[in-house]
Structure formats: C-alpha cells, structure tokens
Amino acid sequence: MVDTQNVNKIVMEVRAGAGGDEASLFAGDLVRMYQKYALKKGWSFSIVDASESGAKGYKTLVAEIKGQGVYEAFKNESGVHRVQRVPLTERQGRIHTSTASVAVLPIVEARAVEVRDGDLEVTFCRAGGPGGQNVNKVETAVRIVHKPTGIVVASREERTQHANREKAMEVLRAKLFEAQREQAVGSVDQIRKEQVGTADRSEKIRTYNFPDDRITDHRIGKKWSNLERILEGDFDKIAEAFK
C-alpha cells in the first residue's frame, strides 16, 4: 500500500449540496479559500474540470494541487461543510443554511493502480468556454468511464487532447486508489458517499457561521473567529489543529 504521508499531489473535488444557488456560491468560497492557501504555501492549484453556476459559484469543481505536504494539509477537509449566512438575494434578512461537500484524494504513481485499456471508454469533445479558438474548435476535452466501477472523470482545462487525457487518468487512478483503500465496490457515487455523505444539512464536519463570525469544526470541537480572513486563505490555524 502507498504511504500517503509522502503524497504531494492530490485531487480535490468540491460540490454544491443543499441550498440551491447559495450552495453553489459557498462551494465557490471554499474553492477560493483552498486556492489562496495553496498559492500562499507555494503549491500549484490547477482546475481539471468545473461546472460553474453564476459569476462566483460552482456546482462541481475538480482541481489538482501539488506541493510538499499538500495531502497532509488537506486530507481532513473531506466531508460536508455547512454555511449559515444571509444571502445577498434575501430581502428580509433571514439566515439561510446551505452545504457543500469536499473530497480529497491522493494522486499515486501509475504503477500503484492497475488500469487496463480495455476497461476504459474514452470520448472527446470540444472544451467550450474561454481559452481561444484552439479550445473551442478542436476536440481537446476528454471524458473517461472506468467500466468495471462506473467511475467517470473528465478534463477540459488543458490545451491539448493528450494533456487532458493524462490529467483525467491521474484523477481516475486517485479515485481507484481510494476505492481500493476503503475496499469499496460499486460506482463512484457509492465510493464518494462513504467519504462525504449525502451533502445534507444534517451531515456536517464544519460550520461557517457568518452572523457570529465563527467557524466550528464538529469533529475536534474547535472554533475560530475572523471567518472572512480564513476564507481569504488564512487557513494555517485550521490545518495545524489536526496535527
């Protein structure tokens, strides 16, 4: 089995949960917090695939983060995150509760997970969105289905088909490795559910309470103030609390 303490490359998947548009905005807040913290630490943060919702929100986002100690810093982020705040569209000042789920998977060497070409269904399409004529006119985006498990991965952010396929294969190996590690069997939804739950409001590892300017981690019982500052990437105090 691979020693994950020495894994310096991860896949992070963030999904909006319960709460509609506000959940998507919260997912976007989490993504930007992790991205700013990664850049602060000198790590690379690259988006592999994303489904946006509005200017600052995400329905889903898959990112690859590389750097010394990155897995140890982020491994405890897996789970359901809950936010309590007054949305900008709320005229009566009522506090809404929304959720987003995070999954953190270590990227392992190709030899650590066997993937047979015959088990893969690979399709290509136009990436769409920003990126210039090459991205929009050439089928650079890659979607891979691992037929034995039903795991589906995609990559569209790179400029070439080959680069997107390599990126998607890294994500696939990470998910297969996690499935093997947990001895899970079935589709990616089953694998992921074991890690982050259903993203329902009642399932939570951490609450971001804006009216009280407080973040509470329900697993270790710790609380932090200066919520906005933490969301701007001042994440060390939370990462250090688990060590």
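Every number here is computed from the coordinates shown, using simple stated rules; none is lab data. Here the structure is a predicted model, which means the values were calculated and not measured. Note: ideal-geometry Cβ built from the backbone for every residue, glycine included; neighbour counts use all protein chains shown.
Just a few scattered comments:
- Whole-angstrom gap from the stretch 219-243 to the stretch 35-58, using each part's C-alpha centre: 19 Å
- The ranking of THR123, THR207 from fewest to most other beta carbons within 10 Å of each one's beta carbon is THR123, THR207.
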